[in-house]
Amino acid sequence: MPVITRADLDDVRLLTFLQEHLDDLAPTAPPESRHALDVDGLRGPGVRMWVAHDGGGVVGTIALAELALGHDELKSMRTAPHRRGSGIGRLLLGHALDDARERGVGRVSLETGSADFFAPARALYRRAGFVECAPFASYVEDPHSVFMKTTLR
């Protein structure tokens, strides 16, 4: 079972994993339709990030970025390709949503891709109670994006 810890954004293994995430996303949409945070964005104020480790290797990441008081955005959700379908995404998503609840966050929103590549992620989010919604924050309608939200209790 993977262990989840707060991210150390100076860890070379994590930096490599995050670059692989950006590389995975590159063919799925044009640059203006890709909204993943780079490392500098993940270091920004109001961003909380966690890493799943298994046997010393990074097998997943997730982050929450504060949009407004009581409203966070889910960011940087990724499971290592060789571990997809093994429950790591569900574990990380549950961890992040529990953290948001504990902090009194009432709403979590996300933007994900509309391409088939993202179908498993969209299914995971739906199982966790997310529903499709209109663009939020500074997002605009985009055929490459699907916007989702959930209300926390």
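Nearest 0.05, what FRET efficiency do Asp8 and Arg153 give at R0 = 30 Å with Cβ-Cβ as r?
About 0.40, to the nearest 0.05.
Using a Gaussian network for the chain with springs between C-alpha atoms less than 10 Å apart, which of these wobbles most: Gly55, Gly113, Gly46?
Of Gly55, Gly113, Gly46, the Gaussian network model singles out Gly55 as fluctuating most.
Using just the helices of the chain, give the 222 nm mean residue ellipticity in deg cm²/dmol: DSSP H runs with n ≥ 4 each add -39,500 (n - 2.57), and the total is spread over all residues, rounded to 500.
-8000 deg cm²/dmol
Which order do Phe117, Phe17 take by accessible area at a 1.4 Å probe, largest first?
Greatest to least solvent exposure: Phe117, Phe17.
Percentage of Cα-Cα pair distances in the chain greater than 24 Å, rounded to whole percent?
I get 27 percent for the Cα pairs in the chain exceeding 24 Å.
Just to make sure I understand: if all protein chains stay in place, what is the order of Arg6, Arg83, Arg103 by accessible area at 1.4 Å, largest first?
I get Arg6, Arg103, Arg83, largest accessible area first.
Please work out whether segment 20-70 counts as rounded, prolate or oblate from its C-alpha gyration tensor, where a ≥ b ≥ c are the square roots of the eigenvalues and a/c under 1.5 means rounded, while otherwise a/b larger than b/c means prolate and anything else oblate?
Taking the square roots of the gyration eigenvalues as a ≥ b ≥ c, segment 20-70 is oblate.
So what is the accessible area of segment 64-153 per residue, in Å², with the probe set to 1.4 Å?
52 Å²
For the chain, give the magnitude of the charge dipole about the Cα centre (Cβ charges: +1 Lys/Arg, -1 Asp/Glu; no others), in debye to the nearest 20.
640 debye
Rounded to the nearest 10 Å², what accessible area does Glu132 show when all protein chains are kept and the probe is 1.4 Å?
110 Å²
So, in Å, what gap is there between the alpha-carbon centers of segment 133-153 and segment 51-78?
First find each Cα centre; the distance between them is then 17 Å.
In the chain, what percent of the accessible surface is made up of carbon and sulfur (1.4 Å probe, ligands and nucleic acids excluded)?
52 percent
Rank these by accessible area, largest first, 1.4 Å probe: His71, His35.
Ranking His71, His35 by accessible area, largest first, yields His35, His71.
Report Leu37's accessible area, 1.4 Å probe, all protein chains in place, as a number in Å² to the nearest 10.
Leu37 exposes around 50 Å² with every protein chain in place.
The values are calculated or read from the model by the stated rules, or taken from the named source; none is laboratory data. Note that the structure is a prediction, hence the values are computed from the model and not measured. We place every Cβ from the backbone using ideal geometry, glycine too, and count neighbours over all the protein chains shown. Ligands, DNA and RNA are excluded from the accessible area calculation, which covers all protein heavy atoms including side chains. Shrake-Rupley method; radii C 1.70, N 1.55, O 1.52, S 1.80 Å.
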